[in-house]
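Rule-based calculations on the coordinates, nothing more; no lab input. What you see is a predicted model, and the numbers here were worked out from it, not measured in a lab. All Cβ positions, glycine included, derive from the backbone under ideal geometry; neighbour counts span all protein chains shown.
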Amino acid sequence: MIEPNIKGGYILLSRTLIESQIFDKPPLYLKVWIYLLSKAQHKDFKRLKRGELWTSISEIREACNWYVGYRKETPTKKQIYTILEWLRNPCKWNRERTEKGTMIETTKGTQGMLININKYSFYQDPKNYEGNNQNKNEETTKELRMEQHGNNINKNYNNVQKYNENDNKEDLTLTTNEALELCKYWETLKPSESICKHMATLKMFIQKYGYDWTEEAMKIMVKNKNRFIPKYIEVILEDWYQNGKYDIPKKKNYQKESTFNNFKQRNYDFKELERKLLGWDSDTK
């Protein structure tokens, strides 16, 4: 069975990354670096060249947050600024000066910050890596190029109808339909917002946790956060998955009938019964 292509495209990471300076830095450095690589243009698009992206410190802060339980942790402006400064000139902070050059170049503009990732084309070309035999399988290379062309990171998933037109009909499974239903359900909760760009995430949640749990987690998120946060939903679902989720029925307020051998017992007036046994009722007559 042929697996469907992974939507959203991909980036290449060299194995030598674990031997580079950034791997010795705090984890947030690597997280910001991977985010920039993922958001950069994989080919020229409008006014952006391959390896460039428009962003801002506030956008990077929001994209690189994380959760400790249900508590959201967001990096400070100073942390992001320090990381960008280091990426602009890693050698400045390296006493041994073992590496040369910069990783990014930044330019301020009206739309925010224009970032150019240096040598993006070189590091994102499979031909430049050892072990990549170009003549081993020409068909594989052809499919790889087609996938690069098809998975344009600038696709707009904000419209459900457009998603259906672009989606492969053979891949329109029950999970996809359920994910679309969740998109429509979200519009009933937040009419001004669409979450169709999160289709892949919703499908993953449904496959692992089920439709009902995902829908209930969305209700909780709207109540607590009033916006769609995939990580927040995942924390809720994973907590239910790991620790168990139980729907405790409400207790009914009723008294159990007293029975003996499936016969309903009579209600006795024990004072009257005592009088009859002692013969007191006959004395009063």
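What the phi angles of region 24-35 give under the Karplus curve with 6.51, -1.76 and 1.60, with θ = phi - 60°, is a coupling list of 8, 7, x, x, 5, 4, 5, 5, 5, 5, 5, 4 Hz, glycine and proline written as x.
The relative contact order of region 171-243 comes to 26 percent, based on Cα pairs under 8 Å that sit 6 or more residues apart.
Remark: the Ile18-Lys77 segment gains 18.6 nm on full extension, using 0.36 nm per residue and subtracting the alpha carbon distance. Among the lysines of region 171-243, pairs that are 8 or more positions apart or on different chains and have alpha carbons within less than 16 Å of each other number 11.
Residue order for Ile18, Ile229, Ile60, fewest other beta carbons within 10 angstrom first, comes to Ile18, Ile229, Ile60. Going from the fewest other Cβ atoms within 10 Å to the most, the residues Thr55, Thr16 appear in the order Thr16, Thr55. Working out 0.36 nm times the residue gap between Leu48 and Ile6, then minus their Cα-Cα distance, what length gain in nm do you get to one decimal? That pair, Leu48 and Ile6, stretches by 12.7 nm at full extension. Counting other Cβ atoms within 10 Å as a rough exposure proxy, the listed residues Ser192, Ser20, Ser14 run Ser192, Ser14, Ser20 from fewest neighbours to most. The alpha carbon gyration tensor of region 171-243 gives principal lengths a ≥ b ≥ c with a/c of 1.5 or higher and a/b no greater than b/c, which makes the shape oblate.
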